[in-house]
1. Could you check how many residues of region 105-121 are more than 29 Å from Leu18 (Cα to Cα) and surrounded by 11 or more Cβ atoms within 10 Å (Cβ to Cβ)?
2. Restricting the search to region 1-29, which residues are among the small types (Gly, Ala, Ser), open to solvent by 40 Å² or more (accessible area, probe 1.4 Å) and part of a strand (DSSP E or B)?
3. Test of understanding: among Leu18, Leu33, Leu105, which residue is within 30 Å of Gln1 (Cα to Cα) and at pLDDT below 95?
4. Every residue in region 88-108 that is over 30 Å from Gly15 (Cβ atoms) and in contact (Cβ under 8 Å) with a residue 60 or more places away in the chain, please.
5. I'd like the full set of residues that are open to solvent by 50 Å² or more (accessible area, probe 1.4 Å) and within 15 Å of Asp89 (Cβ to Cβ), limited to region 43-65.
6. Do we have Ala40 as buried (at least 18 other Cβ atoms within 10 Å of the Cβ) and small (Gly, Ala, Ser) here?
7. Only residues in region 66-85 that are farther than 15 Å from Leu47 by Cβ count as the first member; pair them with residues that are surrounded by fewer than 16 Cβ atoms within 10 Å (Cβ to Cβ) and among the aliphatic types (A, V, I, L, M), Cβ under 8 angstrom, at least 6 apart or cross-chain, and list the lot.
Amino acid sequence: QVQLVESGGGLVQPGGSLRLSCAASGTIFSISLMGWYRQAPGKQRELVAHITSGGTPSYADSVKGRITISRDNAKNTVYLQMNSLRPEDTAVYYCYGLITTPYELRELDYWGQGTQVTVSS
């Protein structure tokens, strides 16, 4: 059974920083893509950033220049460094991964439970 567990959310003032982490555990053969989505109250879930196994990142326009995604393949972990946070960044942040296990012959998407990020003074 594969699990993704996020950590690092919380309350921060506008202009502040937070670092989210997400670790995948279980019997994993490979992880091609890892990333983060977020969902604010009353809004649809939206992509924040993702990163390939080779380390190539991609960002939503709304976070470019303020957020950096990285991953540690040896630890099956993805990170989201968020700087210059704004009230509109307030949302539940969900980690995901496209993961292949020895029990499946195709990659499946797995999701974390979500972590709340609140940007407020």
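1. 1
2. Ser7, Ala23, Ser25
3. The conditions single out Leu105.
4. Those that are over 30 Å from Gly15 (Cβ atoms) and in contact (Cβ under 8 Å) with a residue 60 or more places away in the chain: Gly97, Leu98, Ile99, Thr100, Thr101, Pro102, Tyr103, Glu107.
5. Lys43, Arg45, Glu46, Leu47, Tyr59, Asp61, Ser62, Lys64, Gly65
6. Taking the combined requirement at face value, the residue does not satisfy it.
7. Close Cβ pairs satisfying both conditions: Asn76/Ile28.
Residue by residue, here is whether (1) surrounded by fewer than 20 Cβ atoms within 10 Å (Cβ to Cβ); (2) part of a strand (DSSP E or B); (3) of a type in the set (Gly, Ala, Ser) holds:
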site: Ser84; (1), (2), (3): yes, no, yes
site: Glu88; (1), (2), (3): yes, no, no
site: Val92; (1), (2), (3): yes, yes, no
site: Tyr96; (1), (2), (3): no, yes, no
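The values are calculated or read from the model by the stated rules, or taken from the named source; none is laboratory data. What you are looking at is a predicted structure, and each value in this text was computed from that prediction instead of being measured. Using ideal geometry, Cβ is built from the backbone for each residue, glycine included, and neighbour counts are taken over all protein chains shown. Note: areas computed on protein heavy atoms with side chains; ligands, DNA, RNA excluded. Shrake-Rupley method; radii C 1.70, N 1.55, O 1.52, S 1.80 Å.
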